[in-house]
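Here's the structure, in structure tokens; my notes come after.
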Amino acid sequence: MSQYEAYPAYKHTGVQWLGDVPSHWEVKRLRFFAKINPAIKLELLALPKTEVSFLPMDAISEEGSIRLKMTRPVADVQNGYSYFENGDVVFAKVTPCFENGKGAVMRDLIGGCGFGTTEITVLRPKKTATVRFINYILRSDRFRKLGVGSMTGAGGLKRVPDEFVRNFKSPLPAKVEQEAIVEHLDCEIARLYNLINKKNLFIELLREKRRAMITHAVTKGIDPNVQVKSSGFDWMGDVPIHWTVAPIKYFTTHIGSGKTPPGGAEVYQESGVLFLRSQNVYNDGLRLDDVAYISSALDVEMKGSRVQPNDVLLNITGASIGRSCIVPASISSANVNQHVCIIRTCQSELAYWISTYFVSDVIQAQIELIQNGAGREGLNFEQIGNMVVALPPVFERKAIKMVVDNETARIDTLISTVMRSIDLLKERCGALITAAVTGQIDVRDHAAHKDQLAA
């Protein structure tokens with residue numbers, strides 16, 4: 001941020017994490033310049049049939065946008081939901097959404113108001129603050145990092161307490177200066193997120209290439225001159241003449257799923273026996289950054305849902321349906337919930353082939369056919385067992401595995417490189433926001449220069 005200068009004069013705040021701020025700024029707790037979770041308008045309660053905007057968590061993005069597609073009558077949401085109005089700012093207070101920066105300024109709400117999950121906190125600016133400046137305070141690195149440290153709760157259900165928000169100390173310049181800072185941040189953050197979006201698009205193209213390569217490998221093999229035969233299925237096409245086309249159930253000893261433990265998420269622990277959920281299962285392997293744990297005693301009660309190394313896991317409900325991976329040998333003890341299917345092959349080396357097949361367009365096409373015919377309710381064990389795969393001889397599977405592993409490793413390395421560059425850009429966003437809203441840098445001249453150019 002060498003292009004920015006500091007303010008002419010600073011004063012010490014006495015706040016350890018904040019240090020010095022511009023001498024003409026005030027330092028206040030958030031509750032003194034924003035209302036926290038304001039109450040619903042009484043006149044709205046008299047209109048129970050009125051449709052208002054409804055905002056689920058997945059309709060709020062990291063970059064501050066919202067998708068307003070859903071409405072609900074007031075009677076359905078007046079209890080048990082968070083209330084907000086146009087001009088309020090909300091942020092997700094539950095992990096991992098809080099760490100990911102989910103939050104937005106509310107605008108274009110039906111009837112000027114709306115409701116959403118209780119896992120958001122709502123702030124309404126008072127006279128001395130603007131909503132966009134408060135929004136940037138909430139998006140700053142300092143607020144997020146200190147908020148994570150204040151979280152309460154166990155397992156995957158940690159939340160930022162309202163008391164932390166009320167008492168969070170933040171520098172506050174005059175409103176005209178808030179606007180100048182916001183104008184500059186809007187422009188710079190939009191530019192950085194434009195780069196991030198382009199990189200995300202490139203990652204999607206790489207993933208499509210990866211999936212296409214895998215689909216070709218598991219349906220056509222690696223010999224371009226091999227004789228082929230019809231598989232009997234349009235979505236599979238021709239396959240090598242010496243391959244076996246058969247349902248998955250012929251190659252497995254067990255197809256089943258886990259269950260949610262008695263008490264649900266309330267029994268999750270900070271440590272213990274791994275409890276795998278659909279958010280842990282990805283096509284490139286298990287992701288354990290948001291993993292839950294259960295007690296050893298509960299593990300014994302749920303022994304039917306235990307997984308073994310080399311089991312194939314398949315998500316069978318929800319938006320992640322069809323994601324699959326193999327349980328690695330490094331995991332000696334774990335359970336799964338009812339949204340994850342366990343597929344145990346009759347030969348250990350078949351696990352790789354079945355798991356790789358689930359990543360291909362062939363299985364995804366079968367899942368789509370099943371979902372279209374079943375009202376998108378999810379997959380059952382019979383449907384999974386009847387999914388069709390093409391199986392080459394053992395020696396050929398080994399050769400194909402070598403080619404697929406080498407090519408996926410190359411693509412995955414490139415994806416990882418691009419993802420790291422995205423992380424750096426997001427870090428730059430957070431650092432820029434923090435520096436601007438705490439007065440570490442003076443962006444007023446930059447904002448004024450842009451206004452002059454626009455004029």
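The values are calculated or read from the model by the stated rules, or taken from the named source; none is laboratory data. Model, not experiment: these values are computed from the prediction. Note that we place each Cβ from the backbone using ideal geometry, even for glycine, and neighbour counts take in every protein chain shown. The area values use the complete protein model at the heavy-atom level, side chains included, leaving out ligands, DNA and RNA. Shrake-Rupley method; radii C 1.70, N 1.55, O 1.52, S 1.80 Å.
Per-structure values
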read-out: Any hit, region 189-197, residues being in contact with a Phe, Trp or Tyr (Cβ under 9 Å, 6 or more places away or on another chain) and either among the aliphatic types (A, V, I, L, M) or over 24 Å from Asp290 (Cβ atoms) (or both); value: yes
read-out: Every residue from region 102-137 that is out of contact with any Asp or Glu (no Cβ under 6 Å at 6 or more places or on another chain), part of a strand (DSSP E or B) and of a type outside the set (S, T, N, Q); value: Gly103, Ala104, Val105, Gly114, Phe115, Gly116, Ile120, Leu123, Pro125
read-out: In region 284-325, the residues that are farther than 24 Å from Ile214 by Cα, within 27 Å of the chain's Cα centre (by Cα) and among the hydrophobic types (A, V, I, L, M, F, W, C); value: Leu288, Val291, Ala292, Ile294, Val307
read-out: Evaluation of Thr434 against (1) open to solvent by 70 Å² or more (accessible area, probe 1.4 Å); (2) modelled with pLDDT of 90 or more (one fails), failing number; value: (1)
read-out: Selection status of Lys102, open to solvent by 60 Å² or more (accessible area, probe 1.4 Å) and closer than 21 Å to Glu163 by Cα; value: no
read-out: Condition check for Lys126: open to solvent by 40 Å² or more (accessible area, probe 1.4 Å), out of contact with any helix residue (DSSP H, G or I) (no Cβ under 8 Å at 6 or more places or on another chain) and farther than 22 Å from Val74 by Cβ; value: no
read-out: Of all residues in region 60-81 being under 21 Å from the mean Cα position of the chain (by Cα) and crowded, with 17+ Cβ neighbours inside 10 Å, the one that is farthest from Lys426 (Cα to Cα); value: Ile66
read-out: Residue pairs meeting the criteria (Cβ under 9 Å; at least 6 apart or on separate chains; first more than 18 Å from Ala334 (Cβ to Cβ) and of a type in the set (A, V, I, L, M), in region 310-321; second part of a strand (DSSP E or B) and open to solvent by less than 10 Å² (accessible area, probe 1.4 Å)); value: Ile321/Leu314; Ile321/Asn315
read-out: Region 437-447, residues that are open to solvent by 30 Å² or more (accessible area, probe 1.4 Å) and not in a loop (DSSP other than H, G, I, E, B); value: Arg444, Asp445, His446
read-out: Pairs with Cβ under 7 Å, 6+ apart, first in region 397-409 and in a helix (DSSP H, G or I) and open to solvent by 50 Å² or more (accessible area, probe 1.4 Å), second at pLDDT below 95 and among the aromatic types (Phe, Trp, Tyr); value: Lys401/Tyr352
read-out: Near pairs, Cβ below 8 angstrom, 6+ apart or cross-chain, from region 324-350 (over 18 Å from Gly272 (Cβ atoms)) to any residue that is open to solvent by 50 Å² or more (accessible area, probe 1.4 Å) and assigned to a strand (DSSP E or B); value: Cys325/Tyr282; Ile342/His254; Ile343/His254; Arg344/Thr253; Arg344/His254; Thr345/Thr253; Cys346/Thr253
read-out: Region 77-98 residues that are on the phi > 0 side of the Ramachandran plot, paired with ones that are open to solvent by 10 Å² or more (accessible area, probe 1.4 Å) (beta carbon under 6 Å, 6 or more apart); value: Gly87/Val131
read-out: Qualifying residues in region 317-331 (those that are in a loop (DSSP other than H, G, I, E, B) and hydroxyl-bearing (Ser, Thr, Tyr)) - the one least open to solvent (accessible area, probe 1.4 Å); value: Ser320
read-out: Some residue of region 292-304 being closer than 24 Å to Ala409 by Cα and free of Cβ contacts under 8 Å to residues at least 40 places away in the same chain; value: no
